[in-house]
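A short worksheet on the structure shown next.
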């Protein structure tokens, strides 16, 4: 049995369409790669060294003895005001503190952050990431006051906010479907 070129064209087109469709990510694939949707807009402003409130200095020293503050940024996001306090520990290692200010004016450190390599993320947290997820180009380890550790994972070309996050609490790692509150 022989086919003419005209008879084969519709079959070739169908096979090509099926092949292209198979390569396109489905909605299920997007969920499997664990990429978070963009977060709310953040408005940031630097606080000059001479304008850093004493309460921020005191809270930083109470949390990290001997911390030297390099810069403070005020961030407003989703109706909440945060203060990012960057500096170094007494041993020279970099550290960032995220603080909130209560209604009575007191500052509270809500997380302690540091940059680490993806290879240094604990095995249980790495295992929580789907195989289809991007390879992080930056990882921030954020230790919360309750002992939860959030791993903020940044994708290549997206330096402004994490593209995925993993929470580890009591040894159990979970890929987050929504952004962590801080």
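Using a simple spin-label model with pseudo-atoms 7 Å out from Cα toward Cβ, residue 104 and residue 63 lie 1.9 nm apart. Summarising the label geometry, the points placed 7 Å from Cα in the beta-carbon direction at residue 93 and residue 52 lie 2.0 nm from one another. When its C-alpha radius of gyration is set against 2.2 N^0.38 Å (N residues), segment 36-175 gives a value of 1.10.
With 0.36 nm allotted per residue and the present C-alpha distance subtracted, the residue 86-residue 158 stretch has 23.8 nm of extension available.
For segment 102-172, what Kirkwood radius comes out of the mean inverse Cα-Cα distance, in Å? All intermediate terms of the calculation are to be shown ahead of the outcome.
Numbers: mean 1/r = 0.0760 Å⁻¹.
13.2 Å is the Kirkwood radius here.
How many percent of all Cα-Cα pairs in segment 36-83 sit more than 14 Å apart?
Values: 659 of 1128 pairs.
It works out to 58 percent of all Cα pairs.
Readers should treat all values here as calculations from the given coordinates under stated rules, not as data from a laboratory. Bear in mind the structure is a predicted one, so any value in this text is a computation, not a measurement. As a convention, Cβ positions derive from the backbone with ideal geometry for all residues, glycine included, and neighbour counts pool all protein chains shown.
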